[in-house]
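A short reminder: the numbers here are calculations on the coordinates, not readings from a lab. Computed from a predicted model, the values in this text were never measured in an experiment. Cβ atoms come from the backbone with ideal geometry, glycine included; neighbour counts cover every protein chain shown.
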């Protein structure tokens, strides 16, 4: 009998990272493991003229060596062409497709890891939220919640309530991006509190730069960027991103607040570029397809700071790089090894499998 585990959480809570680490742990115990993402979002990088593909499904297919087609691993792929694209298909047809593909990919497997939508309440408009899918597939649930401070306990309880509303009692929690200073609070207060609520705390992921920070190489790929300087420093990690759109007299004060950062600004803002270079900046990202002035290039080379140019506007660039936090690609073997080690060590497998 196949055991189903739904991995749920909002955007950027590390669902795919946990799926990768959990799959590795299960395989270490000689289990066969599959992956299923009932509803994905079209990735223009992975999609073809004949097939819409979800990026996470494509990555997991390669990592796990899955034989089934992507159209079965992620049977419904949203294109976001309109808000009602799924309403036209209808709940019954969508659910039938999900169940048919799940049956196909789960045959002869010990475990299937089922990745939820971008947030657990997404697709309520067609009655296919993650709690509903978990109920239909008779799955236990691991829910990821970002936990930057203790107020996030309410986010944890909200997630639990959403699943219990569907009659799902077996809900476990993984806290993500937890500041190290909360370690004692989590172990001595948050964990016992959740146990009293009948919820198991099965993992805690503390902030770790190698886990959550993208490299310049990953940023360049996502932005389709061109390196102006610093092409030899593609493996540097970028911890934070700042947008430089302020008056030049305020720029230095603003940029000095953050280290190990990338500054995003228009290519024609040489004042902002030079201000950023006088602070602890690891990358300049110039937007709008406008290259830097000679003075900016000279100063960047002198300081050894890479400059990247992208055709995207500043707002779009900011959105793209924000979505890179905690991402994993099949090509980055070092990052995969880090994910399997750090995330894997954070998981309480005895609790998860009990």
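Fewest first, what order do 273, 101 take by the number of other Cβ atoms within 10 Å?
Least crowded to most crowded, the residues run 101, 273.
Looking only at the chain, where both bridge partners belong to it, what percent of the DSSP beta bridges are antiparallel (to the nearest 5)?
Just about 15 percent of them are antiparallel.
Ranked highest first by the average count of other Cβ atoms within 10 Å around their residues, in what order do 310-317, 231-238 fall?
My ranking of the peptides, most packed first, is 310-317, 231-238.
Which angle between 0 and 90 degrees, to the nearest 10, do you get for helix 55-64 versus the longest principal axis of the chain when only C-alpha atoms count?
70
Would you compute, for the Cα atoms of the range 214-322, the largest minus smallest coordinate along each principal axis and list the three values in descending order, in whole Å?
33, 28, 25
Under 8 Å for C-alpha pairs, at least 6 residues apart: give me the relative contact order for the chain, rounded to a whole percent.
That works out to 18 percent.
Between the helical axis of 91-106 and the dominant principal axis of the chain, each derived from Cα atoms, what acute angle in degrees is found, rounded to the nearest 10?
The answer is roughly 90 degrees.
Ordered by packing density, taken as the mean number of other Cβ atoms within 10 Å over each peptide's residues, highest first, how do 146-153, 334-341, 42-49, 122-129 rank? Don't skip to the answer; put the middle values down first.
Numbers: 146-153: 15.1, 334-341: 16.8, 42-49: 12.2, 122-129: 18.4.
Those peptides, ordered most packed to least, come out 122-129, 334-341, 146-153, 42-49.
Over the Cα atoms, compute the radius of gyration (one decimal) and Dmax (the largest Cα-Cα distance, rounded to a whole number) for the chain, in Å.
21.8, 66
Between helix 333-346 and the chain, what is the angle of the helix's C-alpha long axis to the longest principal axis, kept within 0 to 90° and rounded to the nearest 10?
50
Considering Cα pairs under 8 angstrom that are at least six residues apart, work out the relative contact order of the range 14-64 and quote it in whole percent.
About 29 percent, as a whole number.
Listed highest first by mean packing, meaning other Cβ atoms within 10 Å per residue, what order do 278-286, 161-169 come in? Walk me through the numbers before you get to the answer.
Values: 278-286: 21.3, 161-169: 15.3.
Order by mean packing, descending: 278-286, 161-169.
Order these by the 10 Å Cβ neighbour count, fewest first: 290, 1.
Values: 290 14, 1 4.
So the residues, fewest neighbours to most, are 1, 290.
With both partners inside the range 214-322, how many of the DSSP beta bridges are antiparallel, as a percent to the nearest 5? Don't skip to the answer; put the middle values down first.
Working: 4 of 17 bridges.
Within the range 214-322, antiparallel bridges account for around 25 percent of the total.
Given a Förster distance of 41 angstrom, what is the FRET efficiency for residue 136 paired with residue 342, based on the Cβ-Cβ distance and rounded to 0.05?
The calculated FRET efficiency here is 0.80.
For the range 18-41 and the range 146-201, what is the separation of their Cα centres, given in Å?
First find each Cα centre; the distance between them is then 22 Å.
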